[in-house]
Every structure is written in structure tokens, then in C-alpha cells.
1. Any number yet on Rg/Rh for the range 133-230, C-alpha, Kirkwood?
2. Quick one: pull the percent of accessible area on the chain belonging to carbon and sulfur, 1.4 Å probe, ligands and nucleic acids left out.
3. Quick one: work out the % antiparallel among DSSP beta bridges in the chain, nearest 5.
4. Rounded to the nearest 20 Debye, what is the dipole magnitude of the range 50-190 about its Cα centre when Lys and Arg each give +1 and Asp and Glu each give -1 at the C-beta?
5. Rounded to the nearest 500 deg cm²/dmol, what is the calculated helix-only ellipticity per residue at 222 nm for the chain, with -39500 (n - 2.57) per DSSP H run of length n ≥ 4?
6. With r defined as the distance between the Cβ atoms of residue 37 and residue 152 and R0 fixed at 41 Å, what FRET efficiency is calculated, to the nearest 0.05?
7. Put 183, 208 in order of accessible area, largest first, 1.4 Å probe: what do you get?
8. Given the C-alpha centroids of the range 140-174 and the range 240-285, what is the distance between them in whole angstrom?
Amino acid sequence: MSKTFDSPYKVGMYGGSFNPLHMGHVDCIIQAANMCEELYIVLSSGTARDEVDYLVRYRWLYVLTKHIGNVKILSVSDDAPEKAAYTRDYWQKDADDVKAQIGKKIDVVFCGSDYGEDSFWNVCYPESELYIFPRNGISSTEIRRNPYRHWDWLPNVVRPHYVKKVMLIGGESTGKSTLTINLAHRFNTNYIEEAGRDLSERSGTDRLMLSGDFTEILLVHKLNEIRAAEQSNRVLFVDTDALVTQFFMSFLNDPMIDKNRALSDAIDALNTYDLILFLEPDVRFVQDGDRSEIIRDNRTHYSNRLKELLTSHGKSFVEVSGNYQQRYLTAVKLVNALLGSEE
């Protein structure tokens, strides 16, 4: 006959700012939940401090614990401008708030071994047992300094928040699609293909596109980007964006251009890129499928029009020129700088 072991504690509490949530927190939360009938995770938020948005951190904790039936998430906030200003008056106010929200005796308070004997937990929860988890070497401070050097410390649910987005843009036959894939391979991550590559040829040529094709390109490309960022390794490479589609709507005389331009502008307003690489038309034009001979014969002109469209929408970009090797080396250097790498 097997013996049943009850949880050693009835009510437990584990709190922190989770700025950001890291693998050390994950292990502590799992263990604390195993040891309690009820575990309350308290998310502390500083309204006057530069922290990851409270709603984002709450989502992280929820996704991490939603499958555990005995975990509830609470929150407290303060207006201390920095951690050093978080005095004992703040301590007591937050502790009183937590105790009121839980509404029952807290049997155990969990914390990490980086807290001393006179810590918030000892001072404000004297009626509770203090259970200290050994420090595992993971530091929120170090992660905030450079999350890309400590990528393995970040849970999968947290990583999309820190993914850098690099967009490659340029006129036809500037090598952007190939460079996008090459960079994704170089940085061991994923990329977004140009959605219009296939959708623009439903009639065999982009010169016979329907207005609905442009609409779909805009929506599909944005959705692909959202989904891809969930699986990226530090950086996501994006081949073109909504403004390129807007450029081709004008070039190909979309009969519903006003409506599709409004959609393009709305999507562009949502788009944020950490780096935009604009590829100059100074490599040989290669006729690959249905590329425009008009653009081929006026490459600089149409490249400048695309730059003007980007600039008019407030986009800053870095011009990349030279042969394919020079472009690749320039792009790698810029991405390394973006990630805080010394390579």
C-alpha cells in the first residue's frame, strides 16, 4: 500500500519584480508550488522605475504557471524611483497589502539566498517561516545589462520580448532575400520571407495582381512576423515590410490603392525595427522570374523613391553597398553591435 505525502505547507508566498523572469525564478516557483497547498506569487511593480511593463511580466508568470492548479498571482506596486529608495516604509506597506490580498496566515515565505538576515522577508513576515533557495548564479541585473549574452537564462516565454528585429530592404535584385537567409544561418535563428513573392504571382505575373492580393500580402507578412518572433534566437531577420508593398501598389497601379495604403500605413505604425539595412542597387541585376525591366533600367531612381517612402514614414536606415561579400561582412558587424557582441 503506497503512502501519501501531503504538502508540508498550507499557504506559501514567493515574490519579486521578475524584471525579467529568468530560469532561476522558474525553478524556485516550481519547487515552491510543490511544497504548498496554495502558493501566491506576488509581482512587485515600480510605477516610477524603468521596468519591463507590468502586463508583460504578469503574462510571463501566467503562462509559466497556468497549468499548476495551486498557484495564484497577486500584484503590489510602489512609486520608489529606484531600488535603493525602497525603504522600510515601502516594505511594510507592500507587506500589509500582500497579507490583505491573501487574507489568511502565510505559513512560509520563499526567497533566494542573495537576501540577508535583515531582508524585507524577515522584517515584514516575522510570523512566517523563511525558506531560502540556494542562489544559482543567475542575475536579473546581468540579464538587463545584456540579455543576449545570457540568452540561456531566459525562459522561452520571455525571449520574444527581447528579440531584436532586423529588416532588409532595397530595390529588385539587390540580394536582400539571399542576405536575409544567410544572416539567419549565421546567427542561428529564423527569418521572414517576403510574403509577396508567391502571393503576387497568382495570375502568373505581378502585373495582373488583384487589390485583394496586396491586402493579403500586408496581413500575412505581419502575422508571419508576430509568429516568427516567438521562435527566434536573439534576433529575427525580416525580408521587406509593409512600405515595400505600398511602393509596389503604386508602381503596379493597384485600383484600390487608397484603402490598401491606409492598411499599409496602419501596419507600418505598428512595426518597430531595431535595425534597417537598405541595400543599394550597385550589384549586377539578375532577371529572376518576373522582375521589372522598368526598374532594371532605372534602378537608382526607384531605389531613391523607396528611400523617400521610408523617410516620409520616419524610418531610419543604414545604407549597405559593395559586392556580396562586403554586404555580408557589413551586415554581420552591424548585427553584432546591435546584440552587444564583441565579435
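1. Values: Rg = 18.7 Å, Rh = 16.4 Å.
Expressed as Rg/Rh, it is 1.14.
2. Details: 8750 of 17610 Å².
Roughly 50 percent of what the probe reaches on the chain is carbon or sulfur.
3. Around 5 percent antiparallel, to the nearest 5.
4. Details: 19 positive and 19 negative charges, 184 e Å.
In total the dipole reaches around 880 debye.
5. Numbers: 14 runs with 146 residues, N = 343.
Mean residue ellipticity at 222 nm (helix-derived): -12500 deg cm²/dmol.
6. Working: r = 33 Å, r/R0 = 0.80.
Rounded to the nearest 0.05, the efficiency is 0.80.
7. On the way: 183 0, 208 105 Å².
Ranked list, largest accessible area first: 208, 183.
8. 24
The values are calculated or read from the model by the stated rules, or taken from the named source; none is laboratory data. All figures in this text were calculated on a predicted structure; none of them were measured in a lab. Counting neighbours? That spans all protein chains shown, and the Cβs are built from the backbone with ideal geometry, glycine included. Areas reflect the complete protein model, heavy atoms only, side chains present, ligands, DNA and RNA absent. Shrake-Rupley method; radii C 1.70, N 1.55, O 1.52, S 1.80 Å.
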